[in-house]
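Let me begin by presenting the structure, written as structure tokens, before commenting on it.
All of the numbers you see were taken from the coordinates with simple rules; none came from a lab. What you see is a predicted model, and the numbers here were worked out from it, not measured in a lab. Reconstructed Cβ throughout: ideal geometry from the backbone, glycine too, with neighbour counts over all protein chains shown.
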Amino acid sequence: MIGTGKIILGIGAVGAIATMALSPGELAQNSQTGQNCHPSYSGCLKPNASDYDCRGGSGNGPYYTGKVRVIGPDVFGLDRDGDGWGCE
Ligand SMILES: [Ca+2]
């Protein structure tokens, strides 16, 4: 319970700072990690997609992407060689 209280306080503090002084760059970064983008990929893939495949490849979709930075668990299997870049 103590831990939960600390988390709520932390979010409140971050929100206050963000409202007061947030540069355009930070705003853009925030929108990329928002609910509309998948947290594992930097190219803003849909977070609720059933699968992504590489554009121009032999995958069956339903969604396709070009080269994309993989910044979290590679749930769509786009980065086969594990170097952090998918669909190279
Ligand atoms: Ca790769």
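Of the residues in segment 48-68, how many are over 17 Å from Asn36 (Cβ atoms) and in contact (Cβ under 8 Å) with a residue 12 or more places away in the chain?
So the first thing to find is which residues in segment 48-68 are over 17 Å from Asn36 (Cβ atoms), and the list is 51, 53-62, 64, 66-67.
Right, trim to in contact (Cβ under 8 Å) with a residue 12 or more places away in the chain and you get 51, 53-55, 57, 62, 64, 66-67.
Looking only at that region, the number is 9.
Here Tyr64 fulfils each of the conditions (1) away from the ligand (no atom under 14 Å from the Cβ); (2) assigned to a loop (DSSP other than H, G, I, E, B) apart from (2).
Name the single residue, out of those in segment 69-86 being within 16 Å of Cys37 (Cβ to Cβ) and surrounded by 11 or more Cβ atoms within 10 Å (Cβ to Cβ), that is farthest from the ligand (Cβ to nearest atom). If you could, list the steps in order and put the result at the bottom.
So in segment 69-86, the residues within 16 Å of Cys37 (Cβ to Cβ) come out as 69-76, 78, 86.
Going one step further and asking which of them are surrounded by 11 or more Cβ atoms within 10 Å (Cβ to Cβ), we end up with 69-71, 74-76, 78, 86.
Details: Arg69: 10, Val70: 7, Ile71: 13, Asp74: 9, Val75: 15, Phe76: 12, Leu78: 8, Gly86: 6 Å.
The extreme case among them is Val75.
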